[in-house]
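Laboratory data are not the source of any read-out in this text; all were calculated from the coordinates shown. Being a predicted model, the structure only gives us computed values, none of them experimental. With ideal geometry, Cβ positions are generated from the backbone for all residues, glycine too; neighbour counts draw on all protein chains shown.
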Amino acid sequence: MRLLLFATFLAALVDAGDALQIQCFQCEEMKHNDCSTPEFIVNCTVNVQDMCQKEVLVKPDGIHYRKSCASSGACLIASSGYQQFCTGRLNSVCISCCNTPLCNGPKRKRPVPSAAAAQPQRSRRLLLTVLLLPLTLLPLT
């Protein structure tokens with residue numbers, strides 16, 4: 001019985017790894033989109049900040065960028081609220097939201113993800129189940 005409880009507890013711990021956490025670039029008022037380097041990567045608050053946000057501001061001295069983690073509600077409200085000010089001209093403000101890791105960085109060509117790379121959690125859980133199942137069948141002494 002204790003072994004079964006232990007296996008259940010261990011499986012619950014592994015399953016807790018499914019919590020939603022995203023990584024985004026974070027910076028304030030940077031020029032030339034130069035905050036898309038590893039030192040600006042942050043881990044967003046688990047299950048709260050589920051999107052990355054990018055603000056592009058056109059100022060007299062050039063284009064400035066703000067990047068951050070955001071909650072989906074706040075980001076979507078901000079982006080729709082500023083849509084009328086997103087003209088690309090002086091004093092323009094454009095806000096965009098995205099929900100994949102580091103998506104508020106520079107645009108780049110993405111390779112097609114393989115099925116194996118897309119399912120690491122499922123594979124890990126299956127392996128753990130296969131390894132622990134025989135332990136639950138052992139007689140208690």
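See the values below:
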quantity: Rg/Rg_ref, segment 23-74, where Rg_ref = 2.2 N^0.38 Å and atoms are Cα; calculated: 1.18
quantity: Proximal charge balance of residue 76 [Cβ under 15 Å; K/R count +1, D/E count -1]; calculated: -1
quantity: Packing-based ranking, highest mean first, of 50-59, 65-74 given that Cβ atoms within 10 Å are counted; calculated: 50-59, 65-74
quantity: Mean Cα-pair separation over length for segment 38-100, i.e. relative contact order, pairs under 8 Å, 6 or more apart, %; calculated: 38 percent
quantity: Where only C-alpha atoms are counted, convex hull volume of segment 44-89 per residue in Å³; calculated: 59 Å³
